[in-house]
Amino acid sequence: MRALTVDVQSSAGRILCCTIFRAGGRKLLAKGHVLSDEDIRLLETEGMQQVWVTELEDGEIGEDEAVMAVAEVMCCGSVEIRLAAGGRANLIATADACVLVDDELLKQINCTSSVVIATVSNYRYVRSGERIATIKSSPFAVSKAQLETVLGILGERGAILQARPIRDPGVGVLYADPVHGDRARALFENIVRARVERFGGNLRYALSAVEDEDQVVRALQHLLRTKPAAILVASTTAPAGPEDVIGRAMVRLGAHVERFLAPVEPGNLMLLSYKDDVPIVSAPCCFRSVKPNILDLVLPPMLAKYRISGWEIACLGHGGLLG
């Protein structure tokens, strides 16, 4: 990219090198603006005869074209791309969704010298119309070779970001207590409802049970028949692991125990299993308060029908100290 001064009359289609201000100090045209015939008439009205512009050289691509090219291959799902001023493209959610981010791929792209990408955090719940990422290029132009490198990486590795829509987000809840399940329900129901609704979910069906293996198995079987996006087990006791009552009930049910212990505080005693594609989550003490805990991290992907793995739970440690 080279800068040069040209007559206003011959500047159509060129890119402004710097912002132009009116005599009173108000901005007239922004840096990076592509001059049109209407702009030329406006500049002539302001008494300007020359402007400082940039010109693409061989092997360069304009900033707008570059960021749009990256935006189109870096995302998938319920996303709309909107070009913004100054070599920037914004990604906007077109539905209530959970945003999934490939952090390692994002780091790799951001190590290039031509384009950078900022996203919301992984597993973030977003509402339709919310900005979830922005792509910014170096000013005015990028090297065609560098852009092709970025596009090649994305073509090989896939999307950095997915906005996974949340549809049919019904949640089943089992309230459990060693003496009487209704005690757990009285303690936790309002908090459970508030947390689920915060992420666009709804309480499909709820049961109460004594914390007895047979009763817990039967209750979970009933909840599974409602075809929920997830089942939450809100118990008044803390599990000792997969060998406790809740864990044994999950195994008897035929569920696969995916993970016990999460590197997140509050919520490190989380027990996660899957019965077919339905996650069953026991997270003691996380139903006593609306303050952030492990459920705020795992509920959005579960409501979006994304199968979060034990490895992904293990990766929550960086930033996992929530309070």
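Along Cα→Cβ, 7 Å out, is where each label goes; now give me the distance between the ones at R193 and K227 in nm to one decimal.
Here the modelled spin labels are 2.6 nm apart.
Cα centroid distance between region 252-308 and region 107-151, in Å?
So the separation of the two Cα centres works out to 31 Å.
Sort region 60-121 into rounded, prolate or oblate with this rule: let a ≥ b ≥ c be the square roots of the eigenvalues of the Cα gyration tensor; rounded if a/c is under 1.5, and if a/c is not under 1.5, prolate when a/b is larger than b/c, oblate otherwise.
oblate
Arrange the peptides 236-242, 23-29 so that the one whose residues have, on average, the most other Cβ atoms within 10 Å appears first.
The packing order, highest mean first, is 236-242, 23-29.
For region 50-174, report the accessible area per residue in Å² (1.4 Å probe, heavy atoms, rounded to an integer). Numbers along the way, then the final one.
On the way: 5540 Å² over 125 residues.
With all protein chains present, region 50-174 gives 44 Å² per residue.
With 10 Å bins from zero, work out the P(r) of region 195-278 over every alpha carbon pair and list the percent per bin.
Taking every Cα pair in region 195-278, the percentages come to 16, 50, 32, 1.
Which one of S137, S282, S113 has the biggest mean-square fluctuation once the chain is modelled by GNM with Cα springs under 10 Å?
Maximum among the listed residues: S113.
Identify the residues of region 207-248 with backbone N under 20 Å of a label point that sits 7 angstrom from the Cα of H256 along the Cα-to-Cβ direction, or state none.
Hits in region 207-248 for H256 at 20 Å: 221, 224-225, 227-232, 242-243, 247-248.
Could you list, bin by bin from short to long, the percent of Cα-Cα pairs of the chain in 20 Å steps?
Per 20 Å bin, starting at 0, the Cα pair percentages come out as 28, 39, 22, 10, 0.
Counting only DSSP beta bridges with both residues in the chain, what percent are antiparallel, rounded to the nearest 5? Don't jump to the answer; show the numbers that get you there.
Working: 47 of 68 bridges.
Expressed as a percentage, antiparallel bridges in the chain total about 70.
Hey, got a sec? Which trypsin sites (Lys or Arg not before Pro) in region 200-241 land in a DSSP loop and have at most 12 other Cβ atoms within 10 Å?
Working: sites: R204, R218, R225; in loops: R225.
Counting only loop positions with at most 12 other Cβ atoms within 10 Å, the trypsin sites (Lys or Arg not before Pro) in region 200-241 are R225.
At 222 nm, what helix-only mean residue ellipticity would the chain give, in deg cm²/dmol to the nearest 500, using -39500 (n - 2.57) for each DSSP H run of four or more?
Helices in the chain give a 222 nm mean residue ellipticity of -9000 deg cm²/dmol.
Along each of its three principal axes, how wide is the spread of alpha-carbon positions in region 13-89, in whole angstrom units, largest first?
49, 30, 19
Which Rg and Dmax, in Å, describe the Cα atoms of region 1-141?
Cα-based Rg and Dmax for region 1-141 come out at 18.3, 54 Å.
Using just the alpha carbons, could you tell me how many Å³ per residue the convex hull of region 280-323 encloses? Write out the running numbers ahead of the final one.
On the way: hull volume 3.7 nm³, N = 44.
Residue-normalised Cα hull volume stands at 84 Å³.
Helix 144-157: angle to the longest alpha-carbon principal axis of the chain, degrees 0 to 90, nearest 10?
For helix 144-157, the angle is close to 20 degrees.
Once you've got the GNM for the chain with C-alpha springs shorter than 10 Å, pick whichever of E189, E265, E46 has the biggest mean-square fluctuation.
E46
What residue among G200, G152, G172 has the largest mean-square fluctuation in a Gaussian network model of the chain, using Cα springs under 10 Å?
Checking each option, the largest mean-square fluctuation is seen for G152.
Please list H318, H33 from largest to smallest accessible area, probe radius 1.4 Å, with all protein chains kept in place.
Putting H318, H33 in descending order of accessible area: H318, H33.
What number, in nm² with one decimal, is the all-direction average of the projected area of the convex hull of the alpha-carbon atoms of region 167-310?
Mean orientational projected area (region 167-310, Cα hull): 7.0 nm².
Rounded to the nearest 10 degrees, what's the angle between the helix 63-74 long axis and the longest principal axis of the chain, both from Cα atoms, 0 to 90?
For helix 63-74, the angle is close to 20 degrees.
Relative to the first principal axis of the alpha-carbon coordinates of the chain, what is the inclination of helix 213-224, with its axis defined by its Cα atoms, in degrees from 0 to 90 and to the nearest 10?
So the helix axis and the longest Cα principal axis differ by about 40 degrees.
Could you work out how far apart the two model spin labels at Q9 and S289 are, taking each label as a point 7 Å from the Cα in the direction of the beta carbon, and quote it in nm?
7.4 nm
The values are calculated or read from the model by the stated rules, or taken from the named source; none is laboratory data. For clarity, every value in this text was computed on a predicted model and none was experimentally measured. Please note: Cβ atoms are built from the backbone with ideal geometry, for glycine as well, and neighbour counts cover all protein chains shown. Accessible surface areas use protein heavy atoms only, side chains included; no ligands, DNA or RNA. Shrake-Rupley method; radii C 1.70, N 1.55, O 1.52, S 1.80 Å.
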